[in-house]
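Asks: Mind having a look at this structure? Questions to follow.
Only the coordinates and a few stated rules stand behind these numbers; no lab work does. Since we're looking at a predicted model, the values are computed, not measured. When we count neighbours, we look across all protein chains shown, and the Cβ atoms used for this are built from the backbone with ideal geometry, even at glycine.
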Amino acid sequence: MTAEQVAQLVIEADMASVVVRCAGAWTVQGIARLEQRLETLSWPGEGDLVIDAAAISALDTAGAWLLQRTVRALEQRGRNVRINGLRPEFNALLQLVAARAVTPEPAAPARDGLLASIGQHTWRGLLGMSGMLAFIGESATALLRSLAQPRRIRWRAILHNLQTAGVEALPITGLLAFLMGVVIAYQGADQLQRFGANIFIVDLVGLSMLRELSPLLTAIIVAGRSGSAYTAQIGTMKVTEEIDALRTIGVGPQELLVLPKMLALIIALPLLTVYTDVAGVLGGMVMARSKLGVSFEDFLDRFEDAVSLSSYLVGIGKAPVFAAIIALVGCYRGFQVSGSADSVGRQTTLSVVQSIFLIIVADALFSIIFNWLDI
Amino acid sequence: MEQPQNTGAVVEIRDLNTRFGTAVVHESVSLTVRPGEIFALVGGSGCGKSTLLREIILLQQPVSGSIRVFGREVLGLSDEQALPLRRRWGVMFERGALFNSLTVAENVGMVLREHTQLSARLIDEVAAVKIALTGLPADAGPKYPSELSGGMRKRAALARAIALDPELLFLDEPTAGLDPLSASGIDELVVSLRDALGLTIMMVTHDLDLLWRTADRVAVLGEGHILGVGTMTELSQSEHPLIREFFYGPRGRAAREQAWKTK
């Protein structure tokens, strides 16, 4: 920037008076350095000040405000300030800014103490929980109403959700389950080889995949894939007032948005789990053959003895519960969105975190119950 | 800031063609906006007014033609090359496009923070001046956009658009969605800003009251062409059927009578 394009200020003081010569472009781009200088500038003399502004070549509102602010600060110290030679159009701008000048209100609200924020967090948590309960209740009544009038069930929406949450999840869930099977067999192989118990790799892979890992893994992937999508979709609809529009048209958002998702997921997740069972065991088989020399025939022979039907059913049986958790949490978080794009992001994060948390809690409960029932 | 060879026009559009797929939006459109005037672009819904505006402010690319802003060709500029130009104009979007996660004062201050080296204190003060200039009360600064009414949000968006003291201001439907009282407030605001800050204003609107009360010159866009350019009085005497429809429809007549009564 040349000297012409920055704001300048020179103070000329003699016995009688102080003259402040301003020059250059007093614009938002040109006043940065001058502003820093003004912070520390000491004004000589005691009496009247004359600001000679004839050489100011450009002035905008930011520059006018800086000039105005400087004049005000001087006047507060009891000095008389006169501005000379300012071009008429600049003078008009200066008057305008002076008329509108206000002190900005402090934006930062007072911060709460530790105790208060703990209280607020707890209260918000409790509200969230009661809201979730109310939401489950609403969904259940909507489900009962739909079952009473089966033609109100949105089959098309259910099929669409089956496609997006189920069929389209096949590649990723299959691949991850296969790799999980490989990893388990690989980790187990060393230990089993040491005892010469190679064939027990079947028990290890079969039981762990079918009972625990495959349903859990599938549910977690679907929570990340579809649960987040549910929240983002419903949340965006909330922001654009589409949910309110549905209500005024007389279509319950529960019936149109929540039930199809939940029903589709309750159908899709057990099926996906069967599929990941197969993929996981396949991964284990491949690893068992290459690392332990257990052929596919031996593996499948042993599989029938090692894994009982109940183990398989236990795994599949958890899936609908996980599905309900994912759909309910995802949709509930979507309805909790308020106002802005920010809120959509926050609720989507919460949706995934909470559904995975609840899935693992539910899995632990299942383990305790099955242990108790001795299955 | 370099001053390129200036033909006197702030915005100059020559032979602009725009197509979306096979749909022709603009066909050899030419326009000139002069310094210091309030220029309005009008036309029915879907005639490509907003598209033209978006092309001028480099959000969209036309098929062919030339758009010069401050004498500089804007088509084909990279983001880096466009930055000096973008600092010289301000844009107010139809729905405000305020950042919802920031307060009004932060929305205005953000522009200053990005493009200047001013201290935080001065930025806050300048932002407060801009907010006051648009007629918002001082307590609007610390509020979030979601806490404001529609009219106040438009004013806040205008405050952000003038944050860098632009020479050229683009307004997309400044009064759309406002009640008549707020809308007439915006009319006065547009004129007073032009007078106070020496702005050139280019706006897209179909608010006839706003046109009668503020616009120096108006261009009517229809069927992909500029159907007519002139003052409102000139245009209201035009023989073109589409322009007549625009001005002599029931709403057009009421606005014109109102305008003549107040004159």
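Asks: Which semi-axes, in whole Å and largest first, does the equivalent ellipsoid of segment B:40-134 have when worked out from the alpha carbon gyration tensor as the square roots of 5 times its eigenvalues? Kindly include the intermediate steps, with their values, before the conclusion.
Replies: On the way: eigenvalues 169, 66, 24 Å².
Rounded to whole Å, the semi-axes are 29, 18, 11.
Asks: What ranking, highest mean first, results for peptides A:344-350, B:163-169 when packing means the other Cβ atoms within 10 Å averaged over each residue?
Replies: Packing order, densest peptide first, comes out as B:163-169, A:344-350.
Asks: Still on this structure, I have one more. Cβ neighbours within 10 Å, averaged per peptide: list B:224-230, B:153-159, B:201-207, A:66-72 in order, most packed at the top.
Replies: Details: B:224-230: 17.6, B:153-159: 26.6, B:201-207: 23.4, A:66-72: 20.1.
Output ranking for B:224-230, B:153-159, B:201-207, A:66-72: B:153-159, B:201-207, A:66-72, B:224-230.
Asks: Remind me, relative contact order of chain B in percent, using alpha carbon pairs under 8 angstrom and six or more residues apart?
Replies: About 24 percent, as a whole number.
Asks: To continue, here is another question. If I take all pairs of Cα atoms in segment A:99-220, what percentage of them are more than 17 Å from each other?
Replies: So the portion of pairs separated by more than 17 Å is 78 percent.
Asks: Quick one: Cα convex hull volume of chain A, Å³ per residue?
Replies: Convex hull volume per residue, Cα atoms: 285 Å³.
Asks: Mean separation of Cα pairs under 8 Å and 6+ residues apart, divided by the residue count of segment A:31-87: what relative contact order is that in percent?
Replies: With pairs under 8 Å counted, the relative contact order is 51 percent.
Asks: Here's something else I'd like to know. Through the Karplus equation 6.51 cos²θ - 1.76 cosθ + 1.60, θ set to phi - 60°, convert the phi angles of segment B:68-81 into ³J(HN,Hα) values in whole Hz; use x for Gly and Pro.
Replies: In residue order, the calculated couplings are 10, 10, 6, x, 10, 5, 9, 6, x, 6, 7, 4, 5, 5 Hz.
Asks: List the residues whose amide H sits under 5 Å from the amide H of B:Lys143, counting only those 5 or more places along or on another chain, with H placed 1.01 Å from N in the peptide plane.
Replies: Placed amide hydrogens put B:Val104, B:Ala105 under 5 Å from B:Lys143.
Asks: Give me the base-10 log of I(q)/I(0) for segment A:1-98 at each q in 0.16, 0.23 Å⁻¹, Debye formula, one uniform scatterer per Cα, rounded to two decimals.
Replies: -0.63, -1.32
Asks: Right, something else. Got a sec to turn the phi values of segment A:61-68 into Karplus ³J(HN,Hα) couplings, 6.51 cos²θ - 1.76 cosθ + 1.60 with θ = phi - 60°, whole Hz, x for Gly and Pro?
Replies: Computed from phi, the couplings for segment A:61-68 are 4, 5, x, 4, 5, 4, 5, 4 Hz.
Asks: Give the Debye-formula value of log10 I(q)/I(0) at each listed q (0.14, 0.19 Å⁻¹), with one equal scatterer per alpha carbon of segment A:307-375, two decimals each.
Replies: The computed values of log10 I(q)/I(0) come out as -0.53, -0.76.
Asks: Still on this structure, please answer the following. Out of the DSSP beta bridges found with both residues in the protein assembly as shown, what percent are antiparallel (nearest 5)?
Replies: Counting only bridges with both partners in the protein assembly as shown, antiparallel ones make up about 45 percent.
Asks: For chain A, what is the percent of antiparallel DSSP beta bridges, rounded to the nearest 5? Write out the running numbers ahead of the final one.
Replies: Numbers: 6 of 18 bridges.
If we restrict to bridges inside chain A, about 35 percent are antiparallel.
Asks: How many percent of DSSP beta bridges within chain B run antiparallel, rounded to 5?
Replies: Here the share of antiparallel DSSP bridges comes out near 55 percent.
Asks: Give the average, rounded to an integer, of partner chain Cβ atoms located within 10 angstrom of each Cβ in B:144-156.
Replies: Mean partner-chain Cβ count within 10 Å for B:144-156: 1.
Asks: What is the angle, in °, between the Cα long axis of helix A:341-373 and the longest principal axis of the Cα atoms in chain A? Nearest 10 is fine, range 0 to 90.
Replies: Its long axis makes an angle of about 30 degrees.
Asks: How large is ³J(HN,Hα), in whole Hz, for each residue of segment B:217-231 in order, when computed from phi with the Karplus curve 6.51 cos²θ - 1.76 cosθ + 1.60 and θ = phi - 60°, using x for Gly and Pro?
Replies: 9, 10, 10, 9, 9, x, 6, x, 10, 7, 7, x, 10, x, 6
Asks: Need one number: nm distance between label points at B:Leu102 and A:Asp244, each 7 Å from Cα along Cα→Cβ, rounded to one decimal.
Replies: Going from the B:Leu102 label point to the A:Asp244 one covers 2.6 nm.
Asks: While we're here: Taking the Cα atoms of segment A:257-317, report the difference between the largest and smallest coordinate on each principal axis, in whole Å and largest first.
Replies: Largest first, segment A:257-317 extends 51, 22, 12 Å along its Cα principal axes.
Asks: Taking H placed 1.01 Å from N in the peptide plane, check which residues at least 5 places from B:Gly90 or on another chain put their amide H under 5 Å from its amide H.
Replies: Excluding prolines and chain starts, which carry no amide H, the hits are B:Leu168, B:Leu169, B:Phe170.
Asks: Take the Cα atoms of chain B, build their convex hull, and give its volume per residue in Å³.
Replies: 137 Å³
Asks: For segment B:117-200, just run the numbers: alpha carbon Rg, then divide by 2.2 N^0.38 Å, N being how many residues it has. Kindly include the intermediate steps, with their values, before the conclusion.
Replies: Details: Rg = 12.8 Å, N = 84, 2.2 N^0.38 = 11.8 Å.
Rg over 2.2 N^0.38 Å, computed on Cα atoms: 1.08.
Asks: Still on this structure, please answer the following. Cα convex hull of segment A:158-236: mean projected area in nm², to one decimal?
Replies: For segment A:158-236, averaging the hull's shadow over all directions gives 6.1 nm².
Asks: Next question. What does the average come to when, for each residue of peptide B:121-134, you count the partner chain Cβ atoms lying within 10 Å of its Cβ?
Replies: Average neighbour count from other chains, rounded to a whole number: 6.
Asks: Please rank A:Leu115, B:Leu208, fewest neighbouring Cβ atoms within 10 Å first, as an exposure proxy.
Replies: The fewest-first ordering by Cβ neighbours comes to A:Leu115, B:Leu208.
Asks: Still on this structure, please answer the following. Segment B:181-250: D in µm²/s via Stokes-Einstein (Kirkwood Rh, Cα pairs, 37 °C, 0.692 mPa s)?
Replies: This corresponds to a translational diffusion coefficient of 251 µm²/s.
Asks: At a Förster radius of 25 Å, what calculated FRET efficiency corresponds to the Cβ-Cβ distance of B:Glu37 and B:Ala176, to the nearest 0.05?
Replies: With a Förster radius of 25 Å, E is 0.70.
Asks: Continuing with this model, one more query. At q = 0.16 Å⁻¹, what is the base-10 log of I(q)/I(0) for segment A:169-289 according to the Debye formula with one equal point scatterer per Cα and no solvent? Please give it to two decimals.
Replies: -0.76
Asks: Would you tell me the mean number of C-beta atoms belonging to other protein chains that fall within 10 Å of each C-beta in A:263-274, as a whole number?
Replies: Partner Cβ neighbours, averaged per residue: 0.
Asks: Relative contact order for chain A: what percent, with Cα pairs under 8 Å and sequence separation of 6 or more?
Replies: Reported as a whole number, the value is 17 percent.
Asks: Applying a 10 Å radius around every beta-carbon, put A:284-292, A:134-142 in order of their mean neighbour count, most first.
Replies: Top of the packing list down: A:284-292, A:134-142.
Asks: Also, quick follow-up: Once Lys and Arg get +1 and Asp and Glu get -1 on their Cβ, which of A:Ala268, A:Leu210, A:Ile369 lies farthest toward the positive end of the dipole of chain A?
Replies: A:Ala268
Asks: Aspartates and glutamates within cross-link reach of A:Lys261: Cα-Cα under 18 Å, excluding same-chain residues under 8 positions apart?
Replies: A:Glu138, A:Glu168, A:Glu242
Asks: Would you mind getting me the FRET efficiency between A:Asn84 and B:Met110? Use the beta-carbon distance for r and R0 = 45 Å, nearest 0.05.
Replies: Working from the Cβ atoms, E equals 0.80.
Asks: Let me ask something additional. Efficiency by 1/(1 + (r/R0)^6): what FRET value for A:Leu114 and A:Ser308, r their Cβ-Cβ distance, R0 = 45 Å, to the nearest 0.05? If you can, show how the numbers build up before the last one.
Replies: Values: r = 54 Å, r/R0 = 1.19.
E(calc), rounded to 0.05, equals 0.25.
Asks: With each label point set 7 Å from Cα along the Cα-Cβ vector, what nm distance links A:Ala99 and A:Glu297?
Replies: In this crude spin-label approximation the distance works out to 10.0 nm.
Asks: Same structure again: Using only the Cα atoms, work out Rg/Rh for the protein assembly as shown, with Rh taken as the Kirkwood radius, to two decimals.
Replies: 1.13
Asks: Show the residues, 5+ positions off or on another chain, whose built amide H is closer than 5 Å to the amide H of B:Gly222.
Replies: Excluding prolines and chain starts, which carry no amide H, the hits are B:Leu227.
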